[in-house]
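The values are calculated or read from the model by the stated rules, or taken from the named source; none is laboratory data. Quick caveat, the model's predicted, so the values are computed rather than measured. When we count neighbours, we look across all protein chains shown, and the Cβ atoms used for this are built from the backbone with ideal geometry, even at glycine.
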């Protein structure tokens, strides 16, 4: 079975797209009957946004 993924879109307050982060793995458990149970997504989203923020900061500092 293929692991489910999620994509995130980072926008500013006006709705302009700043970045898109694709194919983040979604943590799941599979029941004995084969049902998918999605675990909390906050750790995945938190890591992705932290990585985005670090990259954004590095790019901004490099352009100074």
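Residues that are within 15 Å of the chain's Cα centre (by Cα) and surrounded by fewer than 10 Cβ atoms within 10 Å (Cβ to Cβ) were ranked within region 8-22; the one that is nearest to residue 59 (Cα to Cα) is 17.
Kindly indicate whether residue 58 is modelled with pLDDT under 90 and over 15 Å from the mean Cα position of the chain (by Cα). Spelling it out, residue 58 is indeed modelled with pLDDT under 90 and over 15 Å from the mean Cα position of the chain (by Cα). Name the single residue, out of those in region 15-29 being farther than 15 Å from residue 5 by Cα and not in a loop (DSSP other than H, G, I, E, B), that is modelled with the highest pLDDT. So, considering only residues that are farther than 15 Å from residue 5 by Cα and not in a loop (DSSP other than H, G, I, E, B), the one modelled with the highest pLDDT is 17.
Residues are listed down the side, and each one gets a yes or a no for (1) surrounded by 10 or more Cβ atoms within 10 Å (Cβ to Cβ); (2) part of a loop (DSSP other than H, G, I, E, B):
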position	(1), (2)
32	no, yes
37	no, no
44	yes, no
47	yes, no
60	no, no
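In region 25-39, the residues that are free of Cβ contacts under 8 Å to residues at least 12 places away in the same chain and at negative phi form Cβ pairs under 8 Å with partners that are in a loop (DSSP other than H, G, I, E, B) and surrounded by fewer than 10 Cβ atoms within 10 Å (Cβ to Cβ), at six or more places apart or across chains, as follows: 37/31. For residue 53, are the conditions met, namely being surrounded by 11 or more Cβ atoms within 10 Å (Cβ to Cβ), more than 10 Å from the chain's Cα centre (by Cα) and part of a strand (DSSP E or B)? Against the criterion (surrounded by 11 or more Cβ atoms within 10 Å (Cβ to Cβ), more than 10 Å from the chain's Cα centre (by Cα) and part of a strand (DSSP E or B)), residue 53 does not qualify.
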